[in-house]
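Chemist: My questions will all concern the structure given below.
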């Protein structure tokens, strides 16, 4: 247990049900906004990263729907809805 | 007349968490027609707690619930641990009062508890629909008349927004203040399963006793926040809560998941979770802004309760939300019951909700602790003091090869005039909470 468990593996323990469309979008034209970099630090699921073009991108797998990125970056940069009913993460323990 | 024949609920509750289910249970218990809409597969599917609930303030509101409630362990042992990088100092509190019934707090898992509470509300007559996301409010002439969910129009005399910390429902109703990141923290945690006997041995637990351990200092790399471990029946809730603004600070720039990994690798922690199996990883935002960040609690045809109303509080030794959620759900229900008697669901009639909260522990606590966030968000508390105390301990306990230094000079070495002066300042700060 003391060795670090890979974050993807950890997220793999959770139950996710895919939605038709991913529920978070980086708004068009904001991909290189430096304020988006905050999301890279705060996302507990590590979904945000910078691609080779220097744009912040979000991975669509493993969102815990906590809303931290929305609060850190604001709705000026992110379009953020909850996933449709009965989709997304389903915590068993919580 | 035809319109009135259409289904009209007394109340539609958005979100089957602590607030929504407490409201549904109370309303249905009084014979009102209640619909609860939950976006998850089941109540609890989207809900996360750090891990403990304090029962005393809400015991009498739900007298029939507690005996059978699926709570984990009653907390009989409290610890606070100050962490420096290579050492830590722990204060442990045990007491007969913590071991006396009725117990004041319990560890809790929301997946289990919320499902059970929903069943109790359904038994009273509440209708629960899972997998249903509320997309919009129906607003006529500024009055909330119902919700839109899955393309369906659902009408009610009152909508109770219990949709959690991000509450898009309260936002659409114009109740919320703009959300500032400084007023929110994020918690992320693992559930780590452990053999029951091993867990009880490691945490010194007898029977249904449980332990709560809080960690300050290096656990958040000196950022505003802390770590926690709560013992459940046969698992641990282990996680970190840290201010969102603090997490975005560049010095040190550290990603949230890395903080948790480092925490688990600390020797003090690694031995507690050894051979445990992580079975879930979850995260949730916590409203910590208190009274100053709170929006309106009611409007025409709408009430907000629980995290949706910003009713959660961090005062350092305790981080609480679930009691405020259940109590506000209860008072929201009482308000709707009164409103139905008068058939008046205007904002003026629903303002009784705020009066009830004002006269209860809920808003009394929020008034008393309104300075707590700004007081506690003081960097030395999370870096300098844990280090200072740990270093003093190191020197006090050290026995070198030669003669040992006298105790008073050992401590005095750290107590420079500027250090003492800054402690006086901290003391003054703390007087606000």
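Chemist: Filter the helices (runs of 4 or more DSSP H) completely within chain A down to those with at least 3 residues that are without any contact (Cβ under 8 Å) to a residue 40 or more places away in the chain and in contact with a helix residue (DSSP H, G or I) (Cβ under 7 Å, 6 or more places away or on another chain). Break it down into steps so the answer makes sense when it comes.
Modeler: Details: elements: A:7-11, A:37-42, A:68-73.
Passing ranges, in order: A:37-42, A:68-73.
Chemist: Looking at (1) surrounded by 14 or more Cβ atoms within 10 Å (Cβ to Cβ); (2) part of a loop (DSSP other than H, G, I, E, B); (3) away from chain A (no Cβ under 13 Å), find the lone condition where residue B:212 falls short.
Modeler: The one condition residue B:212 does not meet is (2).
Chemist: Here's another thing I want to ask about it. Within the range B:10-32, does at least one residue satisfy the condition of being in contact (Cβ under 8 Å) with a residue 24 or more places away in the chain, touching a strand residue (DSSP E or B) at 6+ places or on another chain (Cβ under 9 Å) and within 19 Å of residue B:229 (Cα to Cα)?
Modeler: The answer is no; no qualifying residue exists.
Chemist: Go through the range B:408-419 and report how many residues are surrounded by 10 or more Cβ atoms within 10 Å (Cβ to Cβ) and either in a helix (DSSP H, G or I) or out of contact with any helix residue (DSSP H, G or I) (no Cβ under 9 Å at 6 or more places or on another chain) (or both).
Modeler: Keep residues of the range B:408-419 that are surrounded by 10 or more Cβ atoms within 10 Å (Cβ to Cβ), which gives B:410-416, B:419.
Those left that are additionally either in a helix (DSSP H, G or I) or out of contact with any helix residue (DSSP H, G or I) (no Cβ under 9 Å at 6 or more places or on another chain) (or both): B:410-412, B:416, B:419.
Of the residues in the range B:408-419, 5 are surrounded by 10 or more Cβ atoms within 10 Å (Cβ to Cβ) and either in a helix (DSSP H, G or I) or out of contact with any helix residue (DSSP H, G or I) (no Cβ under 9 Å at 6 or more places or on another chain) (or both).
Chemist: Having 2 or more residues that are under 25 Å from residue B:124 (Cα atoms) is the bar; report the helices (runs of 4 or more DSSP H) wholly within the range B:333-376 that clear it. Before the answer, list the steps.
Modeler: Values: elements: B:347-350, B:352-359, B:361-368, B:372-376.
Here the list reads B:352-359.
Chemist: Turning to a different aspect of this structure: Name the residue that is surrounded by the fewest Cβ atoms within 10 Å (Cβ to Cβ), counting only residues in the range B:87-106 that are part of a loop (DSSP other than H, G, I, E, B) and in contact (Cβ under 8 Å) with a residue 12 or more places away in the chain. Explain how you work it out, then say what you get.
Modeler: Taking the range B:87-106 and keeping what is part of a loop (DSSP other than H, G, I, E, B), we get B:87, B:95, B:100-104.
If we keep only those that are in contact (Cβ under 8 Å) with a residue 12 or more places away in the chain as well, we get B:87, B:102-104.
Numbers: B:87: 18, B:102: 9, B:103: 21, B:104: 16.
The qualifying residue surrounded by the fewest Cβ atoms within 10 Å (Cβ to Cβ) is B:102.
Chemist: Mind listing whichever residues of the range B:255-277 are part of a helix (DSSP H, G or I), facing chain A (nearest Cβ under 7 Å) and within 16 Å of residue A:45 (Cα to Cα)? Lay out the reasoning, then the answer.
Modeler: Of the residues in the range B:255-277, the ones part of a helix (DSSP H, G or I) are B:256-265, B:267-273.
Remaining after also requiring facing chain A (nearest Cβ under 7 Å): B:256-257, B:261, B:265, B:270, B:273.
Residues satisfying the conditions are B:256, B:257, B:261.
Chemist: Is one or more of the residues making up the range B:124-136 within 14 Å of chain A (Cβ to nearest Cβ), under 30 Å from residue B:172 (Cβ atoms) and loosely packed, with under 14 Cβ neighbours inside 10 Å?
Modeler: Our first condition is that a residue be within 14 Å of chain A (Cβ to nearest Cβ); within the range B:124-136, this holds for B:128-136.
This time we only want the ones that are under 30 Å from residue B:172 (Cβ atoms), so: B:128-136.
Of the ones still in play, those that are also loosely packed, with under 14 Cβ neighbours inside 10 Å are B:136.
Yes, the range B:124-136 contains at least one residue that is within 14 Å of chain A (Cβ to nearest Cβ), under 30 Å from residue B:172 (Cβ atoms) and loosely packed, with under 14 Cβ neighbours inside 10 Å.
Chemist: If you go through the range B:236-254 one residue at a time, how many are at the interface with chain A (Cβ under 10 Å from one of its Cβ atoms), touching a helix residue (DSSP H, G or I) at 6+ places or on another chain (Cβ under 8 Å) and closer than 13 Å to residue B:191 by Cβ?
Modeler: Residues that pass the stated criteria total 1.
Chemist: Going through the range B:278-292 one residue at a time, which ones are buried (at least 23 other Cβ atoms within 10 Å of the Cβ) and either at the interface with another protein chain (Cβ under 7 Å from one of its Cβ atoms) or closer than 14 Å to residue B:190 by Cα (or both)?
Modeler: Residues satisfying the conditions are B:280, B:281, B:282, B:283, B:284, B:285.
Chemist: Scan the range B:278-286 and give yes if some residue there is on the phi < 0 side of the Ramachandran plot and in a loop (DSSP other than H, G, I, E, B), otherwise no.
Modeler: Step one: filter the range B:278-286 for residues on the phi < 0 side of the Ramachandran plot, giving B:278-286.
Filter once more, so that each one left must be in a loop (DSSP other than H, G, I, E, B): none.
The answer is no; no qualifying residue exists.
Chemist: Tally up the residues in the range B:167-198 that are surrounded by 24 or more Cβ atoms within 10 Å (Cβ to Cβ) and not in a strand (DSSP E or B), please.
Modeler: 4
Chemist: Same structure again: Looking only at the range B:47-71, which residues are touching a strand residue (DSSP E or B) at 6+ places or on another chain (Cβ under 7 Å) and within 14 Å of chain A (Cβ to nearest Cβ)?
Modeler: Passing the criteria: B:48, B:50, B:51, B:52, B:53, B:71.
Chemist: What single numbered condition from (1) in contact with a helix residue (DSSP H, G or I) (Cβ under 6 Å, 6 or more places away or on another chain); (2) within 14 Å of chain A (Cβ to nearest Cβ); (3) under 27 Å from residue B:108 (Cα atoms) fails to hold for residue B:219?
Modeler: For residue B:219, the failing item is (2).
Chemist: Give all pairs with beta carbons closer than 7 Å in which a residue from the range B:408-433 that is closer than 14 Å to residue B:391 by Cα meets a residue that is assigned to a helix (DSSP H, G or I); count only pairs at least 6 apart in sequence or on separate chains.
Modeler: If the second residue must be assigned to a helix (DSSP H, G or I), the pairs left are B:410/B:395; B:410/B:396; B:411/B:392; B:414/B:388; B:414/B:391; B:414/B:392.
Chemist: With B:186, B:159, B:165 as the choices, which residue is in contact with a strand residue (DSSP E or B) (Cβ under 6 Å, 6 or more places away or on another chain), within 17 Å of residue B:17 (Cβ to Cβ), within 11 Å of chain A (Cβ to nearest Cβ) and touching a residue at least 40 places away in the same chain (Cβ under 8 Å)?
Modeler: Working: B:186 fails: within 17 Å of residue B:17 (Cβ to Cβ); B:159 fails: within 11 Å of chain A (Cβ to nearest Cβ).
Exactly one residue qualifies, and that residue is B:165.
Since every read-out is calculated from the coordinates, none of them should be taken as a lab result. Given the structure is predicted, the values throughout are model-derived calculations rather than measurements. When we count neighbours, we look across all protein chains shown, and the Cβ atoms used for this are built from the backbone with ideal geometry, even at glycine.
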